[in-house]
Amino acid sequence: MAQEVLANPEVSLSWRQAISERLNQANRLLAMLTVGRDDSY
């Protein structure tokens, strides 16, 4: 769903940037919570 919004030119650039930043933050958090000390990500 987020990819559809990010690809939609009718959604303002500021909204798309905000959504993209939030997705990046969530991905970094997920990596920190699921990847072990000896794992590579």
Averaged per residue, what accessible surface does the chain expose to a 1.4 Å probe, in Å²?
95 Å²
When the dipole is taken about the Cα centre of the chain, and only Lys, Arg (+1) and Asp, Glu (-1) are charged at their Cβ, what size is it in debye, to the nearest 20?
120 debye
Out of these labelled values of P(r) over Cα pairs in 5 Å bins from 0, in percent, (i) 5, 27, 21, 15, 11, 10, 7, 4, 0; (ii) 5, 23, 22, 15, 12, 10, 8, 4, 1; (iii) 5, 19, 12, 12, 12, 9, 9, 7, 6, 4, 3, 2, 1, 0, which was calculated from the coordinates shown here?
(ii)
Hey, what number do you get for the chain at 222 nm if only DSSP H runs of n ≥ 4 count, each worth -39500 (n - 2.57), divided across all residues, to the nearest 500?
-22000 deg cm²/dmol
Using only Cα atoms and rounding to the nearest 10 degrees, what angle (0 to 90) does helix 13-34 make with the longest principal axis of the chain?
10 degrees
Quick calc: nm separation of the 7 Å Cα→Cβ label points for TRP15 and LEU30 -> 2.3 nm
With every protein chain in place, the chain: carbon and sulfur % of accessible area (1.4 Å)
55 percent
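The values are calculated or read from the model by the stated rules, or taken from the named source; none is laboratory data. Keep in mind that this is a model prediction, so the values were computed, not measured. Cβ coordinates were reconstructed from backbone atoms using ideal geometry, including for glycine residues, and neighbour counts include every protein chain displayed. Please note that ligands, DNA and RNA were not included when accessible areas were found on the heavy atoms of the full protein model with its side chains. Shrake-Rupley method; radii C 1.70, N 1.55, O 1.52, S 1.80 Å.
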